[in-house]
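Here is the structure we will look at.
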Amino acid sequence: MTRFHDHRFPGESVAYRNARDKLLAAEVDLRREVERVAAMRRALPQGGTVPEDYEFDSADGSVTMSSLFASGHDTLALYSLMFRPGEKPCPMCSSMLDGLDGNARQAGQRLSLAVVAKAPVNEIREFAEKRGWRHLRLLSAAGNGYSQAYFGENAEGNQLPMLNVFTRDGQTIHHRYATELMFALAEAGQDPRHVDMLWPLWNLLDLTPGGRGDWYPDNHTT
């Protein structure tokens with residue numbers, strides 16, 4: 001059996017080390033596969049041209065999609081938060097965004113990032129304040145067709161948790177990537193897991209003996 005290193009933990013048995021080395025081999029293979037898929041993602045050609053310069057509502061008034069690209073950045077990531085007017089936001093989206101808020105400033109060094117919801121911006125900001133979000137840029141798509149065009153909403157008006165990536169070349173904005181794994185049939189007993197790599201909660205639980213279990217987070221803020 002391959003031995004990857006000489007580090008040993010206090011009290012570990014030979015059986016534990018053998019099982020751990022077998023798992024470690026699988027983790028090395030997984031690391032290689034994650035990078036292979038990431039390279040494929042980076043190599044995607046330009047997608048379709050964005051049909052219009054969508055206008056969103058923000059805390060600072062109306063902003064266009066083109067203006068969301070910060071100076072020096074040609075990449076924009078927009079996450080569609082499932083949050084309709086007068087309703088409660090999706091607790092799963094909220095959990096994922098809890099983690100993303102903490103990294104928003106670091107992400108902002110490489111790209112532009114914003115969260116879009118169908119609810120009016122005052123409702124989004126009120127929820128964000130309760131949630132403790134401080135760094136995410138929050139936008140309302142209540143007055144435009146962005147959500148329908150980029151699968152943040154289906155034909156029945158139900159909200160969808162889609163992450164889209166766009167790039168700008170001069171004055172032209174192209175679609176480059178979306179978390180379409182959401183639309184692919186999941187394995188039995190699994191959720192689509194389309195944004196799980198962004199989500200600290202599930203990555204942490206996957207490292208524990210109990211795993212994810214039959215459990216979902218809620219929107220409690222205390």
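The values are calculated or read from the model by the stated rules, or taken from the named source; none is laboratory data. Since the structure is predicted, the reported quantities are computational estimates derived from the model, not experimental observations. Note that we place each Cβ from the backbone using ideal geometry, even for glycine, and neighbour counts take in every protein chain shown.
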Q) Of the numbered conditions (1) touching a Gly at 6+ places or on another chain (Cβ under 9 Å); (2) more than 30 Å from Asp60 (Cα to Cα); (3) touching a residue at least 24 places away in the same chain (Cβ under 8 Å); (4) of a type outside the set (Gly, Ala, Ser), Leu205 satisfies every one except a single condition; which is it? A) (3)
Q) For region 97-108, does any single residue satisfy the condition of being of a type in the set (Lys, Arg), out of contact with any His (no Cβ under 7 Å at 6 or more places or on another chain) and either surrounded by fewer than 16 Cβ atoms within 10 Å (Cβ to Cβ) or modelled with pLDDT of 95 or more (or both)? A) no
Q. Does Ser71 meet the test of being in a loop (DSSP other than H, G, I, E, B) and of a type in the set (S, T, N, Q)?
A. yes
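Can you tell which of Glu27, Glu87 is assigned by TED's automatic domain parsing to the domain that holds Val115 and either charged (D, E, K, R) or more than 27 Å from the chain's Cα centre (by Cα) (or both)?
Numbers: Glu27 fails: assigned by TED's automatic domain parsing to the domain that holds Val115.
Answer to the check: Glu87.
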Q. Of all residues in region 102-141 being in contact with a Pro (Cβ under 9 Å, 6 or more places away or on another chain) and part of a loop (DSSP other than H, G, I, E, B), which is nearest to Arg168 (Cα to Cα)?
A. Lys118
**Q.** Pairs where the first residue, in region 40-68, is among the aliphatic types (A, V, I, L, M) and surrounded by 10 or more Cβ atoms within 10 Å (Cβ to Cβ) and the second is assigned to a loop (DSSP other than H, G, I, E, B) and at pLDDT below 95, C-beta under 7 Å, 6+ apart
**A.** none
Q. How many of the residues in region 179-196 are farther than 12 Å from Leu163 by Cα and surrounded by fewer than 15 Cβ atoms within 10 Å (Cβ to Cβ)?
A. 9
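Is there a residue in region 80-96 that is closer than 23 Å to Arg42 by Cβ and not in a helix (DSSP H, G or I)? Can you show your working first?
Residues of region 80-96 closer than 23 Å to Arg42 by Cβ: 80, 96.
Still in the list and also not in a helix (DSSP H, G or I): 80.
Among the residues of region 80-96, at least one is closer than 23 Å to Arg42 by Cβ and not in a helix (DSSP H, G or I), which makes the answer yes.
Condition check ((1) over 23 Å from Gly102 (Cβ atoms); (2) β-branched (Val, Ile, Thr); (3) modelled with pLDDT of 95 or more) across all residues:
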position	(1), (2), (3)
Arg134	no, no, yes
Leu138	no, no, yes
Gln148	yes, no, yes
Asn158	yes, no, yes
Thr167	yes, yes, yes
Gln171	yes, no, no
Ala188	yes, no, no
Arg193	no, no, no
Asp196	no, no, no
